[in-house]
1. Could you check the stretch A:4-48 and list, in sequence order, the residues that are of a type outside the set (Phe, Trp, Tyr) and more than 23 Å from the chain's Cα centre (by Cα)?
2. Would you pick out the residues in the stretch A:108-135 that are open to solvent by less than 10 Å² (accessible area, probe 1.4 Å) and more than 23 Å from A:ALA40 (Cβ to Cβ)?
3. In this structure, is D:LEU69 touching a residue at least 12 places away in the same chain (Cβ under 8 Å), within 14 Å of chain A (Cβ to nearest Cβ) and under 18 Å from D:GLY200 (Cβ atoms)?
4. It is to be established whether one or more residues within the stretch A:197-205 are farther than 20 Å from C:ALA140 by Cβ, of a type outside the set (D, E, K, R), away from chain D (no Cβ under 14 Å) and not in a helix (DSSP H, G or I).
5. Report whether or not A:PHE117 is in contact (Cβ under 8 Å) with a residue 24 or more places away in the chain, under 30 Å from A:LEU76 (Cβ atoms) and either within 14 Å of chain D (Cβ to nearest Cβ) or under 18 Å from the mean Cα position of the chain (by Cα) (or both).
6. Go through D:GLY76, D:GLY62 for me and flag whichever is in contact (Cβ under 8 Å) with a residue 40 or more places away in the chain, more than 13 Å from every other protein chain (Cβ to nearest Cβ) and not charged (D, E, K, R).
7. If I filter the stretch D:79-92 down to residues being within 7 Å of chain A (Cβ to nearest Cβ) and over 13 Å from A:SER87 (Cβ atoms), which single residue comes out as modelled with the lowest pLDDT?
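The values are calculated or read from the model by the stated rules, or taken from the named source; none is laboratory data. Source: prediction; values computed, not measured. As a convention, Cβ positions derive from the backbone with ideal geometry for all residues, glycine included, and neighbour counts pool all protein chains shown. Areas reflect the complete protein model, heavy atoms only, side chains present, ligands, DNA and RNA absent. Shrake-Rupley method; radii C 1.70, N 1.55, O 1.52, S 1.80 Å.
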Amino acid sequence: MIAAAWQIARKDLRQELRSKESLNAALSLTVVLLILFSFAFDPAAEDSKQWSGGLLWLVYSFAGALIVNRSFARELMNDCLEALRASPVPSSALFLGKAVACFLILMGVELTALPAFCIFYDVSLLGAPLMFIATLALTTWAVTVLGTMFSALTVNLHMRELMLPVLVYPMLIPPLVAAIELTRGVITGEPASEIWFRLLIGFDIIFTALAVALAEVVLTD
Amino acid sequence: MIEARNFTYMFYGFAAAWTVIVIYVITLVSREKKLGQEVATLKKLIAEKEQSR
Amino acid sequence: MREKLLYGLGLAAILYLVRNLYVIFLVLPDEMAQGAIYRVFYFHLPGYFTAALCYLLAGIFSAMYLITRKWKWDSLAAAITEVGLPFAAMNLITGMIWGRIIWGIWWTWDPRLTSALISALIYAGYLMLRQAIPDPTERAKNSAVMAIFAFASVIFTYKSNEWFRTQHPGPVLSIRTGGGTIDPQMEWMLAHNLFALLLLAGLLLAIRWRQEERQREIESLRREALSFS
Amino acid sequence: MQGSAVMLSAQGVWRYFGDFPALRDITFEIEAGACVALLGHNGAGKTTLLKLLARLAAPQKGTIAAPPLTDTGYLGHGLGLYEDLSAIENLRFWGELHGAAAEASTEWLKRVELDHVAAAPVRQFSRGMRQRVALGRAFQHFPKLLVLDEPFTGLDERSVKLLQEVLREALGRGSTIVLSSHQIPEVMALATRTLKLDRGRLV
């Protein structure tokens, strides 16, 4: 099962690295939004350290929606999804493989855009780098596991690009709030309550379990 | 003074609660009509096709 | 028979609600601190409970669909989610009007308000998803999965907001924090109006459920018409 | 291969679209080594039935006994190829999922005379070339059961010949084939048996 999931993830990553369709889109969207937001919210303001973390997560969640959208959509051409369903790969492995690929792609985009954020908003994350990386990984997984699930649920819709964010963002509010609080803690140097970590871990565990359990249902007719 | 305002807003509150329900009932009724018409036309269409077979 | 039952139920719900209105306006006195405005509470709280019950049942019905794959569970889940939303709207709107007087603002990002709004958004999303899937089997299956995710995330949002609250105590409704201080007469009235709204919700559910079944019949007829060519 | 063992069977199978039965009370048995042609009008339920046989969907009533997915090759309407990956990468990916040996993919490309462009992305291939690669996706792991939905539709002449050849070989190895088609002559040259569907019923 893990081997099959890894084969799927590797295939998705290879496809993405060849075409770079969502990588390029997500990365440029991230940078554009960071610039745009700097007009709406003055990065030089006194209290910028209080809200810049929240802004970062807004931007990241937009990039995430772009990336998970492609996850199942890229199987549509030439009916690859049907061929995958007809293959012996268990649905849970197919789902996990795709989620892992999305996770790695989104992490790549986030890490690449991070220096731009630090420079534009005069922010240093070096105060608690491990804390930030942990927050980044846990939240990115929350976004990708739920996003990939809804990518599968909406794959046959005409308006899936619009539907996916509308359906997923409300459900992502708790982990994003946690990420914002934790990131603010890292930026201001006053560590946030560990309760937010527990929230993130709890969310990741519950929703990963739910998604893996329901993958079979979603992927067979 | 505050009493009068309270009273007006209380009225708004009840009006809003009832309006929501009334609007929903209206959408239900209009949908009921639409569905009935659609079933009728489809049944007619199928009967015609059945005959011409 | 079913028709008559529905009409009877409708009449009973209306009579009950009118009787409640009479008591609310003419029998019960004003609340001491809040004056007349507190009366929206008789719709605010029962509306919330009705919506919450609808959400809960929507989750259960959806799980039943996935287990049994019987159409009735799918149409029931769709119907009850939709019926729950007007009650959620009733809850939110009366709450906002009350907040305008007592707090002086229409909206505040109090955890309870926030999670009520998020839940309504999520379930509106569920209905949008249903509308967007043309194939009945896929629609039933995918929306059932979405309903289960929705329920999990509503519970999660609610729970995490409680954690959130322990950090930032926000303005919370006086009657609820009062615990046992609520007047028994008022509590009775709340229960009465809750029953009335539940009765109304049951009636709406029955109507909406039948419509959902009819919708499926239409889709099947369309398919049948296509199969002739 | 035991001669007349049952490879595939359906018992009172119903599949619905909403309330409308797309398949009605389908019962049949297919013995190992047979080549069954599934005939019928558009909308008669051929694709639905083939999907059930390839375990892409489950019947709402009745049972289907089919070999596990590792032993099944399914070719639907789509080619099932990734445009950004090369021919060999595509075949290797599908081969690994089905547990085929690595050599099977290279062998296949040689056989269809595409080994000189094995490393080129499928995006650059002509229609006929893609079809030849795609056949490899369904055949390279030597499945015991082949489920093919309109395999001859849209093929160029060369691919038609190739497909007939490969299907004969598969039958020679003892594989079982179920295929639907509009091209009656091509199919009847191979088929040992036919099943005809009319509005969801076997006739």
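1. Within the stretch A:4-48, A:ALA40, A:ASP42, A:PRO43, A:ALA44, A:ALA45, A:GLU46, A:ASP47, A:SER48 meet the criteria.
2. If the condition is that a residue be open to solvent by less than 10 Å² (accessible area, probe 1.4 Å) and more than 23 Å from A:ALA40 (Cβ to Cβ), then A:PHE132, A:THR135 are the ones that fit.
3. no
4. no
5. In short, no.
6. After applying the criteria, what remains is D:GLY62.
7. D:LEU79
Here is a yes/no grid of residues against (1) buried (at least 20 other Cβ atoms within 10 Å of the Cβ); (2) over 20 Å from the mean Cα position of the chain (by Cα); (3) aromatic (Phe, Trp, Tyr):
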site: C:GLY10; (1), (2), (3): no, no, no
site: C:ILE37; (1), (2), (3): yes, yes, no
site: C:PHE43; (1), (2), (3): yes, no, yes
site: C:LEU56; (1), (2), (3): no, no, no
site: C:PHE61; (1), (2), (3): yes, no, yes
